[in-house]
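K.L.:
To start, I am sharing the structure in question, which I have written as structure tokens.
The values are calculated or read from the model by the stated rules, or taken from the named source; none is laboratory data. Remember, predicted model here, so these are calculated numbers, not experimental data. All Cβ positions, glycine included, derive from the backbone under ideal geometry; neighbour counts span all protein chains shown.
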Amino acid sequence: MSEIKIGTMTVKAGLAEMLKGGVIMDVTDAEQAKIAEEAGACAVMALERVPSDIRADGGVARMSDPEKITEIQKAVTIPVMAKARIGHFVEAQILQSLEVDYIDESEVLTPADEANHINKWKFTVPFVCGAVNLGEALRRISEGAAMIRTKGEAGTGNVVEAVRHMRTINGEMKQLSSMDEDELFRAAKELRAPIELVQWVAKNGKLPVVNFSAGGLATPADAAMMMQLGAEGVFVGSGIFKSEDPAARGKAIVEATTHYNDPEVLARVSTGLKSAMAGLEIKEIGEENLLQHRGW
Amino acid sequence: MARSPKTGHLIIGVLALQGAFREHATALEKCGAAARQVRRRRELAGLDALIIPGGESTTIGKLMVSYHMLDEIKSLGAAGLPMFGTCAGLVMLARQVADGDQPLLNLMDITVRRNAFGRQVKSFEAPLEIPALASMAAAGVNSGAAPFPAAAPFPGIFIRAPWIESAGPGVDILAELEGHAVAALQNNLLVTAFHPELTGDLRLHELFLRIAAG
């Protein structure tokens with residue numbers, strides 16, 4: 001039937017709407033994917049190594065082996081996402097042909113193009129992209145991203161950068177809302193973002209697509225804090241499978257994300273969890289090793 | 001928009017464990033009803049109706065069990081509380097899923113197939129003929145959905161959508177797409193495989209409020 005339209009922005013952004021209030025967990029194999037689904041994850045992110053391992057191992061980080069992705073797709077019924085390198089449109093073509101449900105064009109992997117992100121309009125599979133500020137978020141949306149996540153600093157177990165990026169984006173959106181229409185042209189220039197998107201944000205006071213928080217969340221309290229700061233859901237990477245008891249921690253983070261405004265529930269789910277991942281102080285990583293600076 | 005005298009006083013719960021609950025709440029408020037987000041069992045008390053939104057049905061089902069809400073919602077539905085399930089909500093209300101198993105409310109006499117239209121790359125939009133909406137307008141029910149004339153096709157947004165594989169004799173199929181049932185009504189229970197809450201078209205919410213008003 002010719003009236004059926006596949007891969008529209010509405011259905012791409014619509015899947016992100018369905019993930020709201022949920023936790024997307026990084027997994028490296030089918031066994032972890034099942035634990036994540038059992039814990040109540042609303043989707044899993046398939047990748048070769050979790051960010052803290054990528055950070056420790058060094059070298060070039062790339063898209064996962066398709067075999068791993070297929071194995072994870074077979075193991076769970078929730079959506080399966082996978083990461084492609086920034087600008088690596090062929091990795092994205094491969095992931096689309098595997099029918100992953102979302103592609104994360106991710107700074108956690110080593111960028112493949114230092115000037116261009118993937119033209120995401122060319123794909124029927126939706127993309128999520130990271131951003132540290134409003135201009136970056138709007139540039140990704142102008143390239144066709146159907147979902148945004150604040151970058152934070154992946155693989156650190158330290159929520160401070162996630163907080164910084166969420167507050168930055170929210171603050172910049174508030175500024176836009178207070179401007180008159182003449183001032184928005186200059187704002188667009190300063191944000192290096194298309195005027196149409198800047199006008200939309202000024203009028204609606206939010207991003208035109210769903211915005212999750214990512215990068216450094218390790219505890220139920222971290223997840224709830226990001227939700228209270230305005231995240232519509234959370235990504236948890238190393239924080240779950242680098243902790244002592246991933247199943248229990250995963251479930252607790254899911255519960256904290258649903259009941260993010262309910263300190264009674266948050267106290268209960270934070271109780272008696274075994275050790276969180278070790279975590280890194282951002283200053284000790286060194287500015288040149290920060291993943292959040294990847295992407296432009 | 002003027003509040004309809006019948007629906008203006010209704011309190012409609014929207015299950016807010018995960019998924020597109022905020023959009024349903026907005027649609028209800030545009031129709032003149034009060035929406036209450038429901039995250040804990042005690043918040044189910046005193047509702048006139050309940051919406052189970054789209055989201056991930058596996059996730060919502062598990063959360064309903066771990067928050068001890070499954071049995072409570074099930075007995076409310078069995079006692080006649082009007083319920084509207086969209087996408088994952090349709091799956092939750094079903095008696096059976098054709099593929100695999102997951103916690104279900106087991107209220108509506110339908111068997112559903114999850115992700116029946118395929119994974120996300122197959123997600124689509126399609127206009128739907130829903131005769132029940134036209135007859136609702138003919139019966140003089142005020143529809144606040146002015147931009148959408150009663151007889152116009154409904155904008156169907158299908159995201160990793162299920163379909164109704166089979167239905168018992170008490171179930172009215174409200175809409176079909178390529179031979180598959182994608183909306184249905186059984187007494188107090190309304191379900192759609194698609195997402196009216198993402199469209200701005202309030203006709204199905206109006207229909208549900210009419211059911212809730214009795």
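Condition check ((1) within 11 Å of chain A (Cβ to nearest Cβ); (2) among the polar types (S, T, N, Q); (3) touching a residue at least 40 places away in the same chain (Cβ under 8 Å); (4) assigned to a helix (DSSP H, G or I)) across all residues:
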site	(1), (2), (3), (4)
B:HIS68	no, no, no, no
B:SER75	no, yes, no, yes
B:LEU81	no, no, yes, no
B:GLY85	no, no, yes, no
B:GLN96	no, yes, no, no
B:GLY100	yes, no, no, no
B:PRO103	no, no, yes, no
B:ASN115	yes, yes, yes, no
B:VAL121	yes, no, no, yes
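K.L.:
Quickly run through the stretch B:176-187 and pick out the residues that are surrounded by fewer than 22 Cβ atoms within 10 Å (Cβ to Cβ) and at negative phi.
P.N.:
Step one: of the stretch B:176-187, the residues surrounded by fewer than 22 Cβ atoms within 10 Å (Cβ to Cβ) are B:176, B:178-181, B:185-187.
B:GLU176, B:HIS180, B:ALA181, B:LEU185, B:GLN186 - these are the residues of the stretch B:176-187 that are surrounded by fewer than 22 Cβ atoms within 10 Å (Cβ to Cβ) and at negative phi.
K.L.:
Just give me the residues in the stretch B:123-138 being more than 10 Å from chain A (Cβ to nearest Cβ), of a type in the set (Gly, Ala, Ser) and within 19 Å of B:GLU197 (Cβ to Cβ), in sequence order.
P.N.:
Matches in the stretch B:123-138: B:ALA132 only.
K.L.:
Hey, another quick one. Here is a list: A:GLU38, A:GLU48. Which entry is surrounded by fewer than 24 Cβ atoms within 10 Å (Cβ to Cβ) and within 14 Å of chain B (Cβ to nearest Cβ)?
P.N.:
Numbers: A:GLU48 fails: within 14 Å of chain B (Cβ to nearest Cβ).
The unique qualifying residue is A:GLU38.
K.L.:
Select, from A:ILE118, A:ILE148, the only residue that is assigned to a loop (DSSP other than H, G, I, E, B), in contact with a helix residue (DSSP H, G or I) (Cβ under 6 Å, 6 or more places away or on another chain), away from chain B (no Cβ under 14 Å) and at pLDDT 95 or above. Quick ask: steps written out before the conclusion?
P.N.:
Working: A:ILE148 fails: assigned to a loop (DSSP other than H, G, I, E, B).
The match here is A:ILE118.
K.L.:
Which condition breaks for A:ARG85 when tested against (1) surrounded by fewer than 24 Cβ atoms within 10 Å (Cβ to Cβ); (2) in contact with a helix residue (DSSP H, G or I) (Cβ under 7 Å, 6 or more places away or on another chain); (3) among the basic types (Lys, Arg)?
P.N.:
That leaves (1) as the condition not met.
K.L.:
Take the residues of the stretch A:58-82 that are within 14 Å of another protein chain (Cβ to nearest Cβ) and assigned to a helix (DSSP H, G or I): which is surrounded by the fewest Cβ atoms within 10 Å (Cβ to Cβ)?
P.N.:
First, pick out the residues of the stretch A:58-82 that are within 14 Å of another protein chain (Cβ to nearest Cβ): A:69-70, A:72-82.
With the extra rule that they be assigned to a helix (DSSP H, G or I), the set shrinks to A:69-70, A:72-75.
Numbers: A:ILE69: 22, A:THR70: 17, A:ILE72: 27, A:GLN73: 21, A:LYS74: 10, A:ALA75: 18.
Looking at residues that are within 14 Å of another protein chain (Cβ to nearest Cβ) and assigned to a helix (DSSP H, G or I), I get A:LYS74.
K.L.:
While we're looking at this one, here's another question. Checking A:LYS34 against (1) touching a Leu at 6+ places or on another chain (Cβ under 7 Å); (2) modelled with pLDDT of 95 or more, which single condition isn't satisfied?
P.N.:
It is condition (1) that A:LYS34 fails.
K.L.:
Still on this structure, I have one more. Only one of these is surrounded by fewer than 23 Cβ atoms within 10 Å (Cβ to Cβ) and under 14 Å from A:ASN211 (Cα atoms): A:VAL90, A:VAL163. Name it. Break it down stepwise before answering.
P.N.:
Details: A:VAL90 fails: under 14 Å from A:ASN211 (Cα atoms).
Among A:VAL90, A:VAL163, only A:VAL163 is surrounded by fewer than 23 Cβ atoms within 10 Å (Cβ to Cβ) and under 14 Å from A:ASN211 (Cα atoms).
K.L.:
Taking the stretch A:5-35 as the search range and keeping residues that are facing chain B (nearest Cβ under 10 Å) and not in a helix (DSSP H, G or I), which one is surrounded by the fewest Cβ atoms within 10 Å (Cβ to Cβ)?
P.N.:
If we take residues in the stretch A:5-35 being facing chain B (nearest Cβ under 10 Å) and not in a helix (DSSP H, G or I), then A:LYS5 is surrounded by the fewest Cβ atoms within 10 Å (Cβ to Cβ).
K.L.:
Find the helices (runs of 4 or more DSSP H) located wholly in the stretch A:164-268 whose residues include 1 or more that are hydroxyl-bearing (Ser, Thr, Tyr) and touching a strand residue (DSSP E or B) at 6+ places or on another chain (Cβ under 8 Å), and list them.
P.N.:
On the way: elements: A:183-191, A:195-204, A:220-228, A:238-241, A:246-258.
In the stretch A:164-268, the matching helices (runs of 4 or more DSSP H) lie at A:238-241, A:246-258.
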